[in-house]
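The values are calculated or read from the model by the stated rules, or taken from the named source; none is laboratory data. Since we're looking at a predicted model, the values are computed, not measured. Here the Cβ positions follow ideal geometry from the backbone for every residue, glycine too, while neighbour counts run over all protein chains shown.
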Amino acid sequence: MENQTTNQPQQTSGGQQDGKTIAIISHITLIGWVIALIMHGSNKTSIGAFYLRQMLGLLVLGIATFIIRIPLLFIPFLGWALSSLIGIALLVLWILSIISAANGEEKEIPVFGKMFQNWFAGVGK
């Protein structure tokens, strides 16, 4: 008898899928983060907690850089360029994070990810 193999996607358990959903929702603004935190409270997963910490850190970093970028807007050309670069850098970090979350990987964002995990260790526990 022949051994037939099928190329069906690997099934994940409900908890892992819920954790992935929480990880993705946490990337959708502050409101999405709060919704993900509430969802995580009833179904705790390691990936959900990981991305809650990552995104809280990225949200705090975004607010801090917004405050720093305001005075830069008053410096013609150089200030505008620096402010734009900071905004683009934050967007790149967010994109890298949401791609990892969608793939179900616990991958820290470059430069700041390890710090966010340490600083916000109590979030999602």
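For the reader, a short list of remarks on this structure follows.
- Segment 40-80, residues that are among the aliphatic types (A, V, I, L, M) and touching a Gly at 6+ places or on another chain (Cβ under 8 Å): ILE47, ALA49, LEU52, LEU72, LEU73
- Pairs meeting the criteria (first residue in segment 44-55 and without any contact (Cβ under 8 Å) to a residue 40 or more places away in the chain and surrounded by fewer than 24 Cβ atoms within 10 Å (Cβ to Cβ), second residue in a helix (DSSP H, G or I) and of a type in the set (Asp, Glu), beta carbons under 7 Å, at least 6 apart or on different chains) are THR45/ASP18.
- From ILE109, ILE99, ILE67, residue being within 11 Å of the chain's Cα centre (by Cα) and either charged (D, E, K, R) or part of a helix (DSSP H, G or I) (or both): ILE99
- Check on MET55, part of a helix (DSSP H, G or I), hydrophobic (A, V, I, L, M, F, W, C), modelled with pLDDT under 95 and within 15 Å of ILE28 (Cα to Cα): no
- Within segment 24-41, residues that are within 13 Å of LEU58 (Cα to Cα) sit with their Cβ atoms under 6 Å from residues that are outside any helix (DSSP H, G or I), at 6+ positions apart or across chains, in these pairs: TRP33/SER26.
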